[in-house]
1. Pairs under 6 Å by beta carbon, first residue in contact (Cβ under 8 Å) with a residue 40 or more places away in the chain in segment 114-136, partner open to solvent by less than 60 Å² (accessible area, probe 1.4 Å) and of a type in the set (K, R), six or more apart or different chains?
2. Has segment 75-85 got at least one residue that is polar (S, T, N, Q), within 19 Å of the chain's Cα centre (by Cα) and either open to solvent by less than 20 Å² (accessible area, probe 1.4 Å) or over 19 Å from R18 (Cα atoms) (or both)?
3. Please work out which residue is nearest to Y235 (Cα to Cα), limiting yourself to segment 164-188 and to residues that are open to solvent by less than 30 Å² (accessible area, probe 1.4 Å) and touching a strand residue (DSSP E or B) at 6+ places or on another chain (Cβ under 7 Å).
4. With closer than 26 Å to W60 by Cα, among the charged types (D, E, K, R) and surrounded by fewer than 18 Cβ atoms within 10 Å (Cβ to Cβ) as the only criterion, which of D147, D130, D137, D89 stands out?
5. Enumerate the pairs (first residue in segment 176-199 and at positive phi and small (G, A, S); second residue anywhere and outside any loop (DSSP other than H, G, I, E, B) and open to solvent by less than 40 Å² (accessible area, probe 1.4 Å)) with beta-carbon separation below 9 Å, excluding pairs fewer than 6 apart on the same chain, so at least 6 apart or on different chains.
6. Just give me the residues in segment 25-38 being over 8 Å from the mean Cα position of the chain (by Cα) and in a helix (DSSP H, G or I), in sequence order.
7. What are the residues in segment 69-94 that are in contact with a helix residue (DSSP H, G or I) (Cβ under 8 Å, 6 or more places away or on another chain) and part of a helix (DSSP H, G or I), if any?
8. Go through segment 77-111 and report how many residues are out of contact with any Ser or Thr (no Cβ under 9 Å at 6 or more places or on another chain) and of a type in the set (S, T, N, Q).
Amino acid sequence: MPASETSDTSDEEPDQVRAMPIILRIERAEPPGRTALLEAAAAAALAVCLDERSAPGGEWAEPMHAWLDNRIRKVSRRARGAHWQAVLDLPGITVEVGGAQARALVPGLVSQAPKEVSRLQISGSEVAPDEPGPAPDDVPVLLLNPDVPMTVGKAAAQVGHATMILASLLPDEALAAWAARDYRVAVRTPSPVRWTRLCPVDDPERGWRGQRVVAVRDAGFTEVEPGTITVLAQYPSVRTRNTAASGAVGAGNRTEGASR
């Protein structure tokens, strides 16, 4: 989408804004690794979208359709202790990667968010940077813009956007294979040179055909300027041929939460 179109909300009614809450478990005594937390958030967001309960006729279908039919927003919040346990009772899916946990909830009206969500802080969710190492060649890699600093909460929402965009372009067979691996990804920050080489800003269609790369362009409601490209997502087939990616991902698993 052109940058000029991403921030136009003139037709939006504030009380009708919908968002997917992404809850990041950040315990004070033992905070998670930043990379693992972002990888968990990216997988959880997509898992909710493609869960059978979100399909037509499913119990999540109506709120998912209402959300997808408007601007795709995600809001990350942090939780710990009893507050984390409370959100496990809300409809959604939790993903764990390398000991880090993130839970994506079924989207809804921001103005009607349950108290278990609305009481959680959006700010103050920073986690120290880490050095994850080389990425495996057989999972999608999500590349954070090296020139755009983002809090872990902002980045969690952006990588969730990236997995959704990537999934929308994959054939059924590839999507099924990704689902069998619980939508695992590798999140990394590339060098500025590599970012410039891969970023398909001038020709998005060619970027997908040639490099299997898609870009997330942010509306700029928080932290970044409207139209900023925050994340690139690259499907692994091209990376395997070119041996272009670097970084490692921890072991992960998915647990489903209450849906009633």
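The values are calculated or read from the model by the stated rules, or taken from the named source; none is laboratory data. For clarity, every value in this text was computed on a predicted model and none was experimentally measured. Cβ coordinates were reconstructed from backbone atoms using ideal geometry, including for glycine residues, and neighbour counts include every protein chain displayed. Side chains included, ligands, DNA and RNA excluded: accessible areas come from the protein's heavy atoms. Shrake-Rupley method; radii C 1.70, N 1.55, O 1.52, S 1.80 Å.
1. L120/R77; Q121/R78; I122/R77; S125/R78; V127/R34; P129/R34; D130/R34; A135/R188
2. yes
3. Our first condition is that a residue be open to solvent by less than 30 Å² (accessible area, probe 1.4 Å); within segment 164-188, this holds for 166-167, 170, 174, 178, 183, 185-188.
Still in the list and also touching a strand residue (DSSP E or B) at 6+ places or on another chain (Cβ under 7 Å): 166, 185-188.
Numbers: L166: 8, V185: 10, A186: 11, V187: 12, R188: 14 Å.
That would be L166.
4. Working: D147 fails: closer than 26 Å to W60 by Cα; D130 fails: closer than 26 Å to W60 by Cα; D137 fails: closer than 26 Å to W60 by Cα.
Going through D147, D130, D137, D89 in turn, just one is closer than 26 Å to W60 by Cα, among the charged types (D, E, K, R) and surrounded by fewer than 18 Cβ atoms within 10 Å (Cβ to Cβ): D89.
5. Partner pairs satisfying both residue conditions: none exist.
6. First pass over segment 25-38, keeping only residues over 8 Å from the mean Cα position of the chain (by Cα): 25-37.
Within segment 25-38, R34, T35, A36, L37 qualify.
7. Matches in segment 69-94: H83, A86, V87.
8. Result for segment 77-111: 2.
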